[in-house]
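S.K.: Got a structure here, written out as structure tokens. Questions coming.
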Amino acid sequence: MVEALDFVCPAVTPAKAEPADVTELHPGHVSVIMAMGDSITAAFASRGPVKDNMPLEFRKFSWSIGQGSAEAMTLPYLIHHFNSSLTGYASANTVPQTPTTGYLEYDNDFMDAALSRARVANLPRELNHLTFQSSRITDFNRRWKVLTILIGANDLGVSDACSTDPGVRQRLSEKFAADLDAALEMTAARFSRLFVNLVPLFSIASVRRVIENQTGILPCTVETEWLDYCECVAHGQAGSKNVTESQLRRLDMTTALFNKEISRLATKWNHVRPDFAVVAHEMWANQPIPNFDFLSKLDCFHPSSVGHRTMAVNLWNSMLQRSRQSAPLNPTEEPVCPNATSVFYNGPATWEKVAPVII
């Protein structure tokens, strides 16, 4: 098991009281946190207990949007260390919320727009939720905001993702890219003063590999319903009764296609305005999950509390470091400490400096 990490960084004040543009954005400038995505960002089944034999969504401890704690570090927990006025994070656990049910706990969700079982085509609905919820935040348009997007796991859940026909897999990635492109266009039109974390997908196929390598009886109590939702991980394809390694490799290839599109679209939309950045974080792109500790003991599929803490720290470090290389998920990685002049990495400025910041 992984020991809890300490966050002992000094709570430095940004050297500049107000950034001139997004390239000068320090953690202390951020006062609104937001997220879009699926059950991973909703923290579905990340810990116990269950209610009526169904896991809850532990949104309070979601890696990118939960309030978090010293024992369960999240991105908002880390940013809050440098700006105590931070708002938008999810503050409680909720019942499962899906595209079918819609949003059921607005106060507890706050700016966590993720819906379990969401696909990239659901992002416009999630964006509308953020717009609606933004009315609760004073001076929302004038505040600097961070939005984290992790989407695509459910788009990879269809049998086309592990098809033996490369053309089928390519078309699936192109559809994913078109929907993500449209969502980013809407995001740019809707929000000002925004830094977008566009997060890649780790190897979904590796979940199956880790489960198969686990000895003994699995502890999962609600495995079947949610695991079955991912066809390529749960069921044999191409005439096979069993999930084969070649099938999982095809799923990995499709995941890589998705991640390539994520990087391409981040480049396309980054710095379309001086107050708007979209940064692809390569930190765990295509990487396998490290071990069974990363998985929920309730469904053997979603990230556990260890997984959420690992993802939060890995993202935080990627935001503050210039290295853009994919690397294995590291549960022992410690959060880096920014100084007064540290800024979030967002690539070279590409706009004309005479362009005004939109507020």
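The values are calculated or read from the model by the stated rules, or taken from the named source; none is laboratory data. Everything quoted here is computed from the prediction, not taken from an experiment. Methodologically, a virtual Cβ is constructed for each residue, glycine included, from the backbone with ideal geometry; neighbour enumeration extends over all protein chains shown. Each accessible area value is taken on the protein alone, full model and side chains, heavy atoms only, with ligands, DNA and RNA left out. Shrake-Rupley method; radii C 1.70, N 1.55, O 1.52, S 1.80 Å.
S.K.: If amide hydrogens are placed 1.01 Å from N in the peptide plane, which non-local residues have theirs closer than 5 Å to the one on F44?
M.R.: Result for F44 returns F58.
S.K.: I've got another one for you. Quick one: which of 242-252, 94-104 comes out on top by average Cβ neighbours within 10 Å, and what's the full order, highest first?
M.R.: Descending packing order for the listed peptides: 242-252, 94-104.
S.K.: Same structure again: Set the Förster radius R0 to 35 Å, insert the Cβ-Cβ distance between A178 and T131 as r into 1/(1 + (r/R0)^6), and round the FRET efficiency to 0.05.
M.R.: Efficiency, from the Cβ-Cβ distance: 0.95.
S.K.: Right, here's the next one. Under the classification rounded if a/c is under 1.5, otherwise prolate if a/b is larger than b/c and oblate if not, where does the chain fall, given a ≥ b ≥ c as square roots of the Cα gyration tensor eigenvalues?
M.R.: prolate
S.K.: On to the next question. For the stretch 251-316, what is the Kirkwood hydrodynamic radius in Å, using each pair of distinct C-alpha atoms?
M.R.: It is 13.8 Å.
S.K.: Tabulate in residue order the Karplus-calculated ³J(HN,Hα) for the stretch 31-43, using 6.51 cos²θ - 1.76 cosθ + 1.60 with θ = phi - 60°, rounded to whole Hz; enter x for Gly and Pro.
M.R.: Values, residue by residue: 10, 9, 10, 9, 8, 10, x, 10, 5, 5, 6, 6, 6 Hz.
S.K.: For V278, which sequence-distant residues (separation of 5 or more, or a different chain) have an amide H within less than 5 Å of its own amide H, given hydrogens modelled in the peptide plane?
M.R.: For V278, whose amide H was placed from the backbone, the distant partners under 5 Å are V196, N270, H271.
S.K.: Under 1.5 on a/c is rounded, so check that first for the stretch 1-146, then, if it is not, pick prolate when a/b is larger than b/c and oblate when it is not; a ≥ b ≥ c are the square roots of the alpha carbon gyration tensor eigenvalues.
M.R.: oblate
S.K.: Residue by residue through the stretch 7-18, what is 3J(HN,Hα) from phi via Karplus (6.51 cos²θ - 1.76 cosθ + 1.60, θ = phi - 60°)? Round to whole Hz and write x for glycine and proline.
M.R.: Result, ordered by residue: 10, 10, 5, x, 7, 6, 8, x, 4, 9, 5, 9 Hz.
S.K.: Further, regarding this structure: What number do you get for the stretch 95-214 when its Cα radius of gyration is normalised by 2.2 N^0.38 Å, N = residues?
M.R.: Ratio of Rg to 2.2 N^0.38 Å for the stretch 95-214: 1.23.
S.K.: Oh, and also: Lys pairs in the chain, Cα-Cα under 23 Å, at least 8 apart or on separate chains: how many?
M.R.: Eligible lysine pairs with Cα atoms under 23 Å apart amount to 12.
S.K.: Mind jotting down a quarter of the surface of the convex hull over the alpha carbons of the stretch 227-356, in square nanometres, one decimal?
M.R.: Quarter of the Cα hull surface area: 10.5 nm².
S.K.: Roll a 1.4 Å probe over the protein heavy atoms and report the accessible area of Y89 in Å², nearest 10.
M.R.: We get 50 Å² for Y89.
S.K.: For the chain, what does the accessible surface come to per residue with a 1.4 Å probe? Please give it in Å².
M.R.: Per residue, the chain has an accessible area of 40 Å².
S.K.: Let me ask you something else. Farthest toward the dipole's positive end in the chain, which of P290, I65, L184, given Cβ charges of +1 (Lys, Arg) and -1 (Asp, Glu) about the Cα centre?
M.R.: So the residue furthest toward the plus end is L184.
S.K.: Just need the Rg to Rh number for the stretch 293-348, please, alpha carbons only, Kirkwood Rh.
M.R.: Reported Rg/Rh (Cα atoms, Kirkwood Rh): 1.08.
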